[in-house]
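What follows is a short report on a single structure.
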Amino acid sequence: MNRKVTVFGAGFVGSTTAQRIAEKQLADVTMIETERVECLPVEPEARILFELDGELVGALPAAFEVEGDALTLLAPPSNQN
């Protein structure tokens, strides 16, 4: 297979995504667990746009980092009796 996909983050969403791509034989999948990623175009003069969560946010080069305690999740109390 010629197509290659790299999934950063092997949590539930990342591992499920990688599994589905592999099951359907859409691409060869590599999974990487890391705290920092830098993305550069192979050809420096190429303009490559990227999305995050379905939104167009910029062009390469770009760097991404995992920030501890950067997200607060609010959830309603459970109704367990």
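Throughout, read-outs are computed from the coordinates displayed, never taken from laboratory work. Quick caveat, the model's predicted, so the values are computed rather than measured. Heads up, the Cβs are rebuilt from the backbone with ideal geometry, glycines too, and the neighbour counts pull from every protein chain shown.
Express the relative contact order of the chain as a whole percentage, based on alpha carbon pairs under 8 Å and six or more residues apart in sequence. Spell out each step's value before the answer.
Working: 87 pairs, mean separation 18.9, N = 81.
Taking the mean separation of contacting Cα pairs over the length of the chain, I get 23 percent.
Arrange Ile32, Ile21 by Cβ neighbour counts within 10 Å, fewest through most, would you?
Details: Ile32 11, Ile21 16.
Least to most surrounded, the residues fall as Ile32, Ile21.
Order by neighbour count: Arg47, Arg20, fewest other Cβ atoms within 10 Å first, most last.
Arg47, Arg20
Going by the alpha-carbon gyration tensor, a ≥ b ≥ c the square roots of its eigenvalues, is the stretch 1-46 rounded (a/c under 1.5) or, if a/c is not under 1.5, prolate (a/b greater than b/c) versus oblate?
Note, shape of the stretch 1-46 comes out oblate.
In what order do Ser78, Ser15 fall by count of nearby beta-carbon atoms within 10 Å, going from fewest to most?
On the way: Ser78 6, Ser15 13.
Lowest to highest Cβ neighbour count: Ser78, Ser15.
Each residue of the stretch 44-52 in turn: what ³J(HN,Hα) in whole Hz from Karplus with 6.51, -1.76, 1.60 and θ = phi - 60°, glycine and Pro shown as x?
x, 7, 6, 9, 10, 8, 9, 10, 10
To check you understand DSSP bridge types, tell me what percent of the beta bridges within the chain (both residues inside) are antiparallel, rounded to 5.
Expressed as a percentage, antiparallel bridges in the chain total about 60.
Rounded to the nearest 10 degrees, what's the angle between the helix 12-23 long axis and the longest principal axis of the chain, both from Cα atoms, 0 to 90?
Roughly 50 degrees between the two axes.
Helix-only estimate, please: 222 nm mean residue ellipticity of the chain, summing -39500 (n - 2.57) across DSSP H runs of length 4 or more and dividing by its residues, to the nearest 500. Please list the in-between numbers first.
On the way: 1 runs with 12 residues, N = 81.
Result for the chain, helices only: -4500 deg cm²/dmol.
Rounded to two decimals, what ratio of Rg to Rh does the chain give with C-alpha atoms and a Kirkwood Rh?
Ratio of gyration radius to Kirkwood radius for the chain: 1.07.
Output ³J(HN,Hα) for the stretch 35-42: one whole-Hz value per residue in order, computed from phi by the Karplus curve 6.51 cos²θ - 1.76 cosθ + 1.60 with θ = phi - 60°, and x for Gly and Pro.
9, 8, 9, 10, 10, 10, x, 5
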